[in-house]
Every structure is written in C-alpha cells, then in structure tokens.
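The values are calculated or read from the model by the stated rules, or taken from the named source; none is laboratory data. Model, not experiment: these values are computed from the prediction. In this analysis, Cβ positions are derived from the backbone assuming ideal geometry, glycine residues included, and neighbour counts consider all displayed protein chains. Accessible surface areas use protein heavy atoms only, side chains included; no ligands, DNA or RNA. Shrake-Rupley method; radii C 1.70, N 1.55, O 1.52, S 1.80 Å.
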Amino acid sequence: MIQTVISTELPINETLAIRKNIIKGSQGNKRLCIVTGTHGDELEGQMVCYEMARRLNEAIGSLDGQVEIYPALNPLGIDTIQRGIPNFDLDMNRIFPGNKEGSVAEQTAYAIIEDLKGADLVIDIHSSNLYLRETPQARINVLDEERLVPIAQMLNIDFVWVHDAATVLESTLAHSLNSTGTDCVVVELGVGQRINHKMCYRLVDGIFNLMADMGMWSGYVNKAQISKPLLCKGDNVEFLNAATSGVFITELKCGIVVAKGEEIGQIVEPLTGKILSRVVSPCEGYLFTIRAYPIVYEGSLMARVFRIL
C-alpha cells in the first residue's frame, strides 16, 4: 500500500511528496521502517528498497508484522543528483527533528519524524559521498551502544563504528529518533552516485536475518552467509590526510587489513611524472574507508584505518 507522508506544493507546478510503501503480513504487530534517500547523491539505498519490496512481495506469507519502505526522504535531491535539498541549500540530515510551523524543509523533516515514531526499529541507509568509498558499516552513538550494537551485528555488514557522543550531530534523523525512544541504526556503504550490487544484496540478506530474529520473518535465511562485523569503539580510528595536492593513485580496496608502514597509495604530479607524497598506514589495522575521487588537495581525507591493538 502506497501512502503519502507529506505533500507540499512548490513553485512552477511542482510538488514535494514523501511517499512510503507499507507491506503488511497476515499477522503480527512488529513494525520495521527502512529509510533512505536523505542525500540525493546516495543511491545504494534505492536498490536495497527495491530488493526488499521484491522479496517481501514474492513471499508475503512469511512476513509477520509490517515493513515500511521510504525510498526517498529527499526526492528533489535524487531527481537532480544533489546531496542537499535543491533551492533550499540545506542538508536534509541537518534539520531534524524539524518544525511543524517552520519552513517547507523543516515541516517535511517534522512530518517524517512523526511518521517514523513508534516503530520497533528504523534502518537509516546512506552511501558515502563521491569522494570516499566505504566498506558496509553501521555507525552508532556510544549512548545507544548497548541497545543498537547487537542489532547492527545481525545486518551482514563488515564493521560497526561506535562514535563518541561528542562527534554525533544532534540534528540527524538517527539522533532525533533515538533520543525520543525509537531505535534507529545508521548503515553506510559504497560510494556516492553509484550502486554496488553486491553490497546491497548483502545488506538485504542481513535485514531479513534481523527480521527473523525479531520474529517478523519465517522465510528462508542463509545463516551461514551472515558475516559478523568488526566492532570499533572509542578513538581507535586513524584518519589519513593528504600531505600534498595532486592525483591519488591506489590499487587497494577498502575492507582489507593493512600492515604498519604499508603504502595505501601515492599522490602524483601528472605534468612531471613525480611522486609528490605517499599515503602510508601508521598502524596495522582494518582499512574501512579509502579515497575514491582521485583529485586531492592538501588535507583531503584519504583513508580511515581501524587500529588493531
């Protein structure tokens, strides 16, 4: 059942409409919400929504409870391939919980929060931006660690990053929901403006695995294929930044273990053929973020490595 969460008329005969697909099982009262499209350049959530709806519709008799799919919280951004809300110059994930009496964007954020409240779980799916490639991971506020880490560990992802409370932005969808009693796990994967099919299928398998644990799904789940993620807490992450400007060249992909002193890539100068600097891991660790866009400037984030103690 397709339902409109909020619809607002815009200039020049346009409409801002947030829609969701409610897929109901024959029984059960559990409610799982899958949201994505907060940033218009993050597209992997689109495939996850499609695959979830497809599998649920094919085996609806195995569903106990209700799954709600929100593929586009920022439909204007998706239509124009822009990260924020076009014409408003706003990051959608910086205005929650919104304001019922505020601007169009604030009213939209408010309506989304009100619609999601009370769900047993919300999975907030993001991709990285155009510049960085991420291994499939969950990001969790340390204040929510006890509740949400066990949930994230069932999602068939590679990495769970528990952030210090000071690094969590209070204006995000996830923080707004978690602070009001609705559990929300943020999942991030891939790279901006692209879809990695393998990552999407893995996450969908993980969501069905989680649904089975919640008592919402009695269909097939291949438990042997569900991977257990690494758990990273506190300040055990090394941020590698560019020492010079240039073109970044690497043969590595994220999701591997690198040795201390191992070269992750080189920043080169095309005109002269010189290597300007080398990006080297300061420790043995798990490489879970790597630069995807090759043009870099001094200070650009090149990689993140989870330090293996």
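Quick look at the values:
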| quantity | calculated |
| --- | --- |
| Members of segment 79-95 that are open to solvent by 70 Å² or more (accessible area, probe 1.4 Å) and within 25 Å of THR182 (Cα to Cα) | ARG94 |
| Selection within segment 170-188 - in contact (Cβ under 8 Å) with a residue 60 or more places away in the chain, buried (at least 16 other Cβ atoms within 10 Å of the Cβ) and over 18 Å from ASN74 (Cβ atoms) | THR182, ASP183, VAL185 |
| Flag for TYR297 being surrounded by fewer than 19 Cβ atoms within 10 Å (Cβ to Cβ), modelled with pLDDT of 95 or more and of a type in the set (Phe, Trp, Tyr) | yes |
| Failed condition for ARG291, given (1) open to solvent by 80 Å² or more (accessible area, probe 1.4 Å); (2) out of contact with any Pro (no Cβ under 8 Å at 6 or more places or on another chain); (3) basic (Lys, Arg) | (1) |
| Failed item, numbered, when MET211 is tested on (1) open to solvent by 30 Å² or more (accessible area, probe 1.4 Å); (2) at pLDDT 95 or above; (3) within 21 Å of VAL187 (Cβ to Cβ) | (1) |
| Of all residues making up segment 96-114, the number that are in a loop (DSSP other than H, G, I, E, B) and within 15 Å of SER179 (Cβ to Cβ) | 3 |
| Number of the exception - ARG19 against (1) closer than 23 Å to VAL221 by Cα; (2) among the basic types (Lys, Arg); (3) part of a strand (DSSP E or B); (4) open to solvent by 70 Å² or more (accessible area, probe 1.4 Å) | (1) |
| Condition met for ASP41 (more than 30 Å from PHE96 (Cα to Cα) and not in a helix (DSSP H, G or I)) | no |
